[in-house]
Amino acid sequence: MRARMSHLIPACAGEENWVDSRTVYIGHKEPPPGAEAYIPQRFPDNRIVSSKYTFWNFIPKNLFEQFRRIANFYFLIIFLVQLIIDTPTSPITSGLPLFFVITVTAIKQGYEDWLRHKADNAINQCPVHVIQHGNVVRKQSRKLRVGDIVRVKEDESFPCDLILLSTSRDDGTCFVTTASLDGESSHKTYYAVQDTKAFNTEEAIDTIHATIECEQPQPDLYKFVGRINIYLARDEPVARPLGSENLLLRGATLKNTEYIYAVAIYTGMETKMALNYQSKSQKRSAVEKSMNSYLIVYLCILIGKALINTILKYVWQANPNRDEPWYNQRTESERQRHILIRAFTDFLAFMVLFNYIIPVSMYVTVEMQKFLGSYFITWDDDMFDEELDTGALVNTSDLNEELGQVEYVFTDKTGTLTENNMEFIECCVDGHVYVPHAICNGQVMAAAAGIDMIDSSPDAESREHEELFFRAVCLCHTVQVKEEETVDGIKRGIHQGKATSFYISSSPDEVALVEGMKRLGFTYLRLKDSHMEILNREDEIERFELLEVLNFDSVRRRMSVIVRSNTGEYYLFCKGADSAIFPRIVSGKVDQVRARVEHNAVEGLRTLCVAYKKLSHIEYEEVCHLLNSAKLALQDRDKKLSEAYDTIERDFILLGATAVEDRLQDKAADTIESLHKAGMKVWVLTGDKMETATATCYASKLFRRSTQILELTTKRTEEQSLHDVLHDLSHTVLHHHGSMIRDTFSGLSNEFQDYGLIIDGATLSAVLKPAPEGGGGASGGNYKEIFLEICRNCSAVLCCRMAPLQKAQIVKLIKASKEHPITLAVGDGANDVSMILEAHVGIGIMGKEGRQAARNSDYAIPKFKHLKKMLLVHGHYYYIRIAELVQYFFYKNVCFIFPQFLYQFFCGFSQQPLYDTAYLTLYNISFTSLPILLYSLIEQHINMDILKKDPSLYRDIAKNSLLRWPIFIYWTFLGVFDAVVFFFGAFFLFDNTTFTSNGQLMTTNTQMMFGNWTFGTLVFTVLVFTVTLKLALDTHYWTWINHFVIWGSLLFYVIFSLLWGGIIWPFLNYQRMYYVFMQMLSSGPAWLSIILLIMVSLLPDVVKKVLCRALWPTTTERIQVSAAGSTLHSPQGPYRGKRIICFCFFSQPVLLSKTEKRANRAFSPDSFSVQNREKGK
Amino acid sequence: MMASSYNAKEEDGHHSGAVGPGGPGAIKSKKPDNTAFKQQRLPAWQPILTAGTVLPAFFVIGLIFIPIGIGLFVTSNNIKEFEIDYTGVEESSPCHICSQNYAWNNTNPCQCSIPFTLEQPFESNVFMYYGLSNFYQNHRRYVKSRDDSQLNGDKNSLTNPSKECEPYRTNGLPIAPCGAIANSLFNDTLELLYNFPNGTSISIPLSKTGIAWWTDKHVKFRNPGGNNNNLSAAFAGTTKPVNWRKPVYELDPSDPNNNGFINEDFIVWMRTAALPTFRKLYRIIHKNKDMPTLPPGNYTLNITYNYPVLSFDGRKRMILSTISWMGGKNPFLGIAYITVGSVCFFLGVVLLIIHHNYGSRSNNADIPN
C-alpha cells in the first residue's frame, strides 16, 4: 500500500504520456542513465475481485439492483402507496410477498457472492514466489505487483499475466495448458525472448535489466503486442518483439517444465482473465416477450378498472346522502381535503385494491420454474456422453422454452456435424496418389480401388518432388511431440512407434497429416534446439533448422514455415486451402492436383494443398527483416504482419495435395432429418470449401437426391451479375412456390420440388453490402430482401467459406427478417462463438476444438445428436409448461380480482375488499402457487418417446402458438366468466334470500345472518377450488406428486381457513374472520352453492376442450388419444410406432392449410414430401 | 429475471460450489442418476378429456343435479315468508307521519302500527327479521369503523379506541362502543300482536336471545371487566355513541347476559352485511306445542319508529319467515341446480352425437385415401 502511495504523484504526471501502452520495469529496477526517464506507473495490485458486494454495501446495493427491475419497482410503488394513503388493504398484503421475493433473491445473490468472496480470498491469499535480491520470497498472491519477477513451478498456475523471461529448459520454451481459460487441454508452447532465456537461475534473473513496453490490458486472450528493451552492459538496449507466444495468462497452468521465471505485467483486475469476466448480454425468450406484452395489457386493464371505478364513484357520490349518509360520516380532515386530491387518492386506492391482477409471485414462479426445470436437462441420461463423461450443461436457464420455438438452426460443420476426428486418407503428388497401407487394409479400400497407387518406377524429378512433398508435410505444422504416457487432455494422436510419444496439436488436421506421413515413411521426431528432426524412409535422421513459422489464421487460410536444410538451403513450405494456394502458384502440375482436390472434395474429404519455394540467403534476410519489423510494431501489428505474410507467401511451386476425412457424427443425419420434419430450417455455415461441405450435406441428408440445388457462388456470379442471378433464383423459387399453394388447395401436391441453396462467403458479403448511395438506387438494398425470400423458400441452405463474423451476420440477417424467427446456432469451435452469441439460442458442442463454444453458449451438449432430444423433447415440454404457466397465472388472477371489481358496484365504490387480508396475501403465495409450479415442472402432455419419434409434433407449438393473442383472450375471458359466476352466484344467494346458517354449529336451528366477510369467504373458497381444479383438468401427467400437491394445497386452504378463523388472534386489531369459515361450512346451502359454482365455472372450459378435440383436433391431441388407446390395449408398450406415424402424416395437410389460411407463411416443403411418400406406399 | 447477471460459468472455475443449474457442479457429476424422477419418467396416470370420457360424467351430473334442484326448489317453496315495508314513504302508510318528521337525533319516539293478515299458518319456529335497503353497511369507511379489541373487553381499547373509529371515536370521553357501525345501531322496536277475531289481541312472545352467532356472543364480544355485574362501573370513563339514547350498559337491563357488548341485537348489527339490501335477524318466535306458531289471521305490527332511512332513500321492512334444512326461502339455488343439471344433460346428448359422428372418424383417420 505504501508503495502504491509513493507512486501516486509521479503517476499523475506521467499518465498522459502512457495512454495506450505501459512500461514495466522488470524487478522494479531503474533503467541505466541515458535511457528514458524512470516513470513508475500506478497499477492495481493483484487482488482479484469477482464479488459484487462487500459486507457493508450488500443491503443497499442489492436492494438498488433489485428495484431497478421494473416488476419489483411496480410492487414497491404499490407498497409505498399503501403505506402513505389510506388504502383498502393493509400494506402487509403486498409488502409481505414483495419482502419474500426480495429476501429470497437477496439470499440467493448473497450466497453466490459469498462463494465468490471465498473463491477470491483463496486465490488472493495463495502463495507465490517472488524473486527479490536474488532470493525467493513467498508472498500472498494479492500482494504481487507489476514488475515483480515470479517463479512458477510445474503444475502451478500463473498468478497474473506474465511475460516469460526464462525457463528450466535450455531452449527457453515452456508448455502451458489453458484448459481453465478456454478449455483447450492441449499443451501450448510459449517462448522466452532469446536474449533473456539464459537468465534461468535466481541470481541470474535478478541481474536482468530490462523494461517492457506493452499495450494496456485488453480482454482478447490471443492478442498481445509488446516490446522488451534489454539493457546489456552499457550498450544500447536491445529491443525484441513480444507477442502472445511470450505472454503467460493468469489461470493457465505450467506443464512439463520444471520452473520458469517471468515478470508480471498485468495484475489483478487487469489480467486478461479478469477482463473476460464481463457477462454477455442477456438473452430473453419469446415467451418472456409475450409475457411482458400481456403485462402491459393487464396494466392497462388495471388502470382502466381503477379509472372506471373512480369516475363511477364520483358520479355515484354526487348525491350527498350517498356520499355521506348520517350513519357514515367522514372525519373533518377528510372533508377538508381537496376533491382532486381525494379523487387521486381514490384512484390510487383502487389501483392498490386491484394490483393483485399482476402478481409478484408470477415472476418468482417463472424464475423457479426455469431454474429448477433446467436441472432436468442436466440430469438427462440420454444426453450423457460416456466418452466425454459429461451430460448437457445449462449455462442460462432463461431460455428453456425457447428451445421449443426454434425455426432456424444454424450449424457448424466441422466438429458439429462431423466428428472432427481426422483421418489421413491420401495424398497426391503431381497427380500421383498415395494411400497409406494401414488404411488400405481398412474400410477405405473399396473407395481407393482403381486409383493408381504409388508409382513403381518414378523418374528422378517426380521422386524428388515426392520426397520434398513428404518433408514439407512433415515440417510445415505446429505439432508437438508429447513424450509421456499420460496426457492431461484428450489424446490428440495415436501411439507412435515408440509407445510413449504422441502428437499433440490444436489442429486435428495436422496430427492426421503427420500421422499419415509416418505411415508413408517419413516420421517427424521432435523439435530440438530449433531443429526439426525427421526420420526418413532410409531410417536416417534429417535435421532442418526451423527459422520462421508463419502461423495459420482463418483469413489467410494457410500457414508456412521457413527451414534451412543440412545442406544450407532455405525452403519455405506452405500448406493451406486450395483457394489460398492456387492463386500463388507459379509452376507445378496444377491441373492434375486441382482435379484430384476437387474429386476429393466431392467425396467429402478435407483437402489441403502443399507448395514450396526455395529462398536464397538474401531473400531469406529480406523475409526476416520484413517479419521482424512487422513483429516489432506496437501499433497495427496484426495488419502489418498479414501484409508481410502476403508478400512472403507467393510464387510457390505446387507440390501436391492431401486429403483428410472427417467422419459424420453419430446420428447426425437422423437428427437433421428430425429437425426438418419438425419444421425447422437447417442451415450449415462452414468455413470449408463448397465441394466438401456439399458432400457433407448430402451425407447428413440436409440435401436429398431430389433436392434441386441452387447455387449462389462466386463461380456463378462471375458469369452473370449478382443482380441477375438473384432474380433468376427468386423467380425459380417463387414461381414454384406459387404453384405449390394452388396445388395444395386443389389437393394435388404431387409435383413437389424442394430446394437447397448454396452460397459462399464472397457472394454473401456482396449480397449484404449496403446499397451504394444514389448509384444503384434501391437495387442494392433489395438484394437482401430477395436473398431472404429465396432462403425462406429453401428447405436447406449451405453457406460455405464463411468467416466467423459472417456466420454471425447470417444469423443476424435471419433474426431481423420480417417474421422475426427464433434462431438457434450450434457449433463447437471458437469460430462459432460469434454466431452462438448472436442467435436466440446458442448451443455449444463440447468438442475437440476446446470449450470456448461451450463456455459462451446458453446450453452445451456433448454431441450434435443430442440436439434432437434437447429441442424435440425438452424444448417442447418447457414451452407448453411455461405457456400454461403464464396463461394460468393471468387467468387465476383475473378470477381473483374481478369479483372485487364487481363488488365495488355494490359497496358504493368504497374500495371495500371482498376478501380478508390473509386471503389476499396468501392466494398467490400459498393457496394456488405450488400446483402450477409443479405442473410447470413435470407436465408431459405427450409421452417423450412419442415426441422423439414424431418430430412433426414440434410444429404444433411453432411460432409461439400457445401464447398467441386469441388464446390469451380466451383465458382472460374464461377468467372473467369464472369471476362473474363466483360473484353473482354468491350475490344471488345473499341478495335474494336468507342465506343463513346454524349459528351454534348444528346444535340448534337458530338462523343467523351472514355478513360481508362470509360473502367474500364463499367467493374465495369457490375461487380456490375452481382455479386448482382447472389446473387439474389441464394436467395430463398425474404422478403421485401432482396428487399430493393439488389435493394438498386444497386441504391446506381448508385447514388454514379453519385455523385462521378458529382463534382470536391477539396480534390483530380486527377479528373479522373469527369463525366465519366454520359458520359458512355449517350451512347446507353454502356447500350446495360451492359445488354448483365450481361446476358452472369449469363447465365451459371442459366443453370447449372436448369439442375442439372432437371437431378440430390438433396433431398433438390425436396422438394423445391414440397413445392413450394403445396403452390401454398393450400395457407394456405405450406407443405403437406405425399407427401413430401414419396419424401424424395424415394430419399435416390439415394442419398446414389451416395455418396457411391464417398467415401467408412460407411452406415448409418437407411435410409434403413426407406425405407423398406416404401416398406412394 | 431473478437470476443474477453474474454467471458462474464465467469464472475461471476456481470456485466449484457455485449455485446454478449449469454450475461447475454439473460438470463434475459423472453419469446422472437414472432415477425415474430425474429422467422425467415417473409412473403417471395420463387422463385425456375426450367426448368419450366426459360424456358419462355429464349424464351423471345431470342426473344428480336435477333431483337436487327439484328438492331445493320444492323445499324453498314450502317456506313461508311474509314481508311488510313499514318505511312509510306512501302517504297511506300509517308510518308516514313518523317517517316524515323524524331525524336520528329526535328525542321523542314516534309510534305507528301496521295491520296485516297471514293467510296460512306459520309452523315451527318463525324468524322475524328487519330488512334495510340502500343501506351501505359494506362501505369501506363503515366496515372498518370499529374496534374489535374494545368489543372484546380490552381495557386499554375501551378508553383509547382505535383510530379506525374516527369520527365516532371520542365525544369528549372515548365512545364505547366506538365507530360508525355501533353508532348507527338499528333502534326501531318491533312488536307483534295477534288480533283475535273477537277484537282482543295478545302480544306474541318474541325471544331476543339466540339470534347471534354463539362464538360471537361468547368469545368475540365481551364486556370489559369480565363477568362483573356492575356494567356501568366497567364502562366508567366512556360515553355512549352519539346517536344512542342510552349507554351501552343499558341496552337490555333486564338480562345481564344480554347487556353491554354482548347484547345480541348489537352483535347482529355489528356483523356488517355483504350487500346494501340486507335483512338481519331480529327475534325468534319459538313454536308452541299444539298450535301453529303463527296461526292464520289478523296481526298488528307495532313499531317504535326511531330509525331514519329516508334521507338516503332507504327502506325498512319486517319479515317473518319459517326455515327448512337448507335455510330460508331460496328459489335461486334450486333453479340454478335444475338449470345446470339440464345443461349438463343437454351437453351430454350433444357430445354423444358428436362422439358418434366424429369420434369414429378420428379413430379411423389413420388410413387416408
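List the residues of the stretch A:675-708 whose backbone N lies under 18 Å from a point placed 7 Å from the Cα of A:E718 along the Cα-to-Cβ direction. Residues A:689-692 qualify, since their backbone N sits under 18 Å from the label point. The ellipsoid equivalent to the alpha-carbon distribution of the stretch A:858-899 has semi-axes of 35, 8, 4 angstrom, derived from the gyration tensor eigenvalues as √(5λ) and listed largest first. A simple spin-label model places the labels of A:R330 and A:K118 6.0 nm from each other, with each point 7 Å out along Cα-to-Cβ.
Show me the trypsin sites (Lys or Arg not before Pro) within the stretch A:49-104 that DSSP assigns to loop and that have at most 16 other Cβ atoms within 10 Å of their Cβ. Kindly include the intermediate steps, with their values, before the conclusion.
Details: sites: A:K52, A:K61, A:R68, A:R69; in loops: A:K52, A:R68, A:R69.
Here the sparse-neighbourhood loop sites are A:R68, A:R69.
With a cut-off of 12 Å between beta carbons, the residues surrounding A:F350 carry a summed charge of +2, where Lys and Arg count +1 and Asp and Glu -1.
Note on A:V1054 and A:I107: with the Förster distance fixed at 35 Å, the Cβ-Cβ geometry gives a FRET efficiency of about 0.65. Among the chymotrypsin sites (Phe, Trp or Tyr not before Pro) found in the stretch A:818-910, those both in a DSSP coil and sparsely packed, with 16 or fewer other Cβ atoms within 10 Å of their Cβ, are A:F905. Inter-chain Cβ neighbour count for A:1076-1085, averaged per residue, equals 3 (cutoff 10 Å, partner chain atoms only).
When you look at the Cβ of every residue in A:1037-1050, what mean number of other chain Cβ atoms sits within 10 Å?
What the average comes to for A:1037-1050 is 2.
Need the list of aspartates and glutamates near A:K865 for cross-linking: C-alpha distance under 12 angstrom, and skip anything on the same chain fewer than eight residues off. The reachable aspartates and glutamates, counting only those whose Cα sits under 12 Å from A:K865, are A:D382, A:D385, A:E419, A:D666, A:D670, A:E673.
The simple spin-label model puts a point 7 Å past each Cα toward its Cβ; for A:R704 and A:K812 those points are separated by 3.6 nm. Listed by chain and number, the lysines whose alpha-carbon sits under 28 Å from that of B:K163, ignoring those within fewer than 8 places in the same chain, are A:K313, B:K144, B:K155, B:K217, B:K220, B:K240, B:K246, B:K280.
Are any of the pairs A:K575/A:K689; A:K61/A:K118; A:K188/A:K639 more than 22 Å apart by Cα-Cα distance, and if so, which? Violating the 22 Å limit, Cα to Cα: A:K188/A:K639.
Between the stretch A:807-878 and the stretch B:255-318, the C-alpha centres lie 76 angstrom from each other. Each part gets one Cα centre, and for the stretch B:144-159 versus the stretch B:40-73 those centres are 50 Å apart. Only lysines eight or more places from A:K283 in sequence, or on another chain, were considered; those with a Cα closer than 20 Å are A:K370, A:K807, A:K812, A:K815, A:K818, A:K959, B:K9. Computed over neighbours whose Cβ is under 15 Å from that of B:S99, the net charge equals -2, Lys and Arg +1, Asp and Glu -1. With the simple spin-label model, which puts each label point 7 Å out from Cα in the Cβ direction, the B:N298 to A:R526 separation comes to 13.4 nm.
For the stretch A:651-676 versus the stretch A:586-601, the spacing of their alpha-carbon centroids is 19 Å.
Taking 30 Å as the cut-off for C-alpha to C-alpha distance, list the pairs among A:K613/A:K701; A:K223/A:K868; A:K52/A:K640; A:K108/A:K892; A:K892/B:K329 that go past it. Display every interim value, and only then the final one.
Details: A:K613/A:K701 42 Å; A:K223/A:K868 37 Å; A:K52/A:K640 41 Å; A:K108/A:K892 28 Å; A:K892/B:K329 33 Å.
Over 30 Å apart, Cα to Cα: A:K613/A:K701; A:K223/A:K868; A:K52/A:K640; A:K892/B:K329.
Computed from the Cβ-Cβ distance with R0 of 30 Å, the FRET efficiency linking A:V976 to A:I70 stands at 0.70.
A short reminder: the numbers here are calculations on the coordinates, not readings from a lab. Predicted model, so just to flag it, every value in this text is computed and none were measured. Heads up, the Cβs are rebuilt from the backbone with ideal geometry, glycines too, and the neighbour counts pull from every protein chain shown.
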